[in-house]
Amino acid sequence: MSPRSSDWWYDEAAGPLVRPYALVSGRTRPTWGRLNLATQVRAIRTTSDTSALSVEHLEIMKLCRKPLSVAEVAAYLHAPLVVAKVLLSDLIQRGDVITSDASRMAVAPDRNLLQKVLDGVRAI
Amino acid sequence: MASVQSEELTVPSSVKIVVAGGFGVGKTTLVGAVSEITPLRTEELLTEAGTQIDDLAGVEGKTTTTVALDFGRITINPEVVLYLFGTPGQDRFWFMWDELAYGAIGAVVLVDTRRLDGGFGAIDFFERRGIPFVVAVNCFEGGHSYSEDEVRHALDVGDGVPLVLCDARDRESCKTVLARVIEHAMSKLDPAMA
């Protein structure tokens, strides 16, 4: 397996080599507030100027070529959840990443959806 | 600007089931038994300064506590993904539970008959929030075997809460547990909405 581009700032033994909040300029609150652990995010191919983006933003764009949850992004990035949320909210505001509607997730799931999930679990 | 997207990009819906229980009861084992990926670990930081601040300027000297969450995923179909989130084992991390439980379709409270008390906090949490849950008794080899009635009595859960015996290492057994959670959640739906 080829080393991932984020590996340079993560050391298995020592943990992150950069203090987590340094990645987000000390911000502890995402600017876009509706990201839950399970919210799905997906990068869209845009022609936007990426020169203002950090290495971590670009890494997220690469990870999210296929839909992933916020928690998966954080895990693959080796970053705390809040850091992943802040970085993702930057990208969502730029229009580079789209997300499932988190507010929809909070309403009680309908029978149809639950039946699909039940069938899916039985089929694995 | 020319067309940016050649194909229509959709984002799947996600549903989640929370797997709760005391420290070392086998939550990550259960998640790993059914997940299509090796369980991932993500961490949340809690600063001593609490969650009321927007900026860390001036609090660099505060210590941070790390809370680890293990989770797995099951792709149901291209439109729906199920996530299984294990709760942090220690009770002092209750603050994470609200986000974990937000929008969850249901929960598993995994207990070990050697330490049934590890399930109390979780049962109380899900009851208060009206989140459908089942109690799954992880039957470790060498663990005491009790009757269902004895476990129900010890945990003070009524007949309205499904109780299943399971082996957290066994995929089929864990599938049964998840199926019971979903069935239980379906039984709680308002019949008028069906």
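Does the stretch B:56-65 contain at least one residue that is at pLDDT below 80, facing chain A (nearest Cβ under 7 Å) and in contact with a helix residue (DSSP H, G or I) (Cβ under 9 Å, 6 or more places away or on another chain)? Scanning the stretch B:56-65, I find at least one residue that is at pLDDT below 80, facing chain A (nearest Cβ under 7 Å) and in contact with a helix residue (DSSP H, G or I) (Cβ under 9 Å, 6 or more places away or on another chain), so the answer is yes.
Go through the stretch A:105-124 and give me each residue that's at pLDDT below 80, more than 18 Å from the chain's Cα centre (by Cα) and farther than 15 Å from B:Val181 by Cα. If the condition is that a residue be at pLDDT below 80, more than 18 Å from the chain's Cα centre (by Cα) and farther than 15 Å from B:Val181 by Cα, then A:Ala106, A:Val107 are the ones that fit. Selection within the stretch A:40-76: residues that are touching a strand residue (DSSP E or B) at 6+ places or on another chain (Cβ under 6 Å) and of a type in the set (Val, Ile, Thr). The member of this set that is farthest from the other protein chains (Cβ to nearest Cβ) is A:Val41.
Remark: B:Thr42 falls outside the filter, which requires a residue to be part of a strand (DSSP E or B), more than 8 Å from chain A (Cβ to nearest Cβ) and either modelled with pLDDT under 85 or within 21 Å of B:Gly89 (Cα to Cα) (or both). Picking from residues in the stretch B:94-103 that are within 13 Å of chain A (Cβ to nearest Cβ) and not in a loop (DSSP other than H, G, I, E, B), the one that is surrounded by the fewest Cβ atoms within 10 Å (Cβ to Cβ) is B:Asp98. Could you please let me know if B:Val15 is under 22 Å from B:Asp70 (Cβ atoms), modelled with pLDDT of 90 or more and in contact with a Cys (Cβ under 9 Å, 6 or more places away or on another chain)? No.
The residue that is surrounded by the most Cβ atoms within 10 Å (Cβ to Cβ), among those in the stretch A:79-92 that are facing another protein chain (nearest Cβ under 9 Å) and either part of a loop (DSSP other than H, G, I, E, B) or in contact with a strand residue (DSSP E or B) (Cβ under 6 Å, 6 or more places away or on another chain) (or both), is A:Ala79.
The values are calculated or read from the model by the stated rules, or taken from the named source; none is laboratory data. Since this is a predicted model, take the numbers as computed values, not measurements. Note that we place each Cβ from the backbone using ideal geometry, even for glycine, and neighbour counts take in every protein chain shown.
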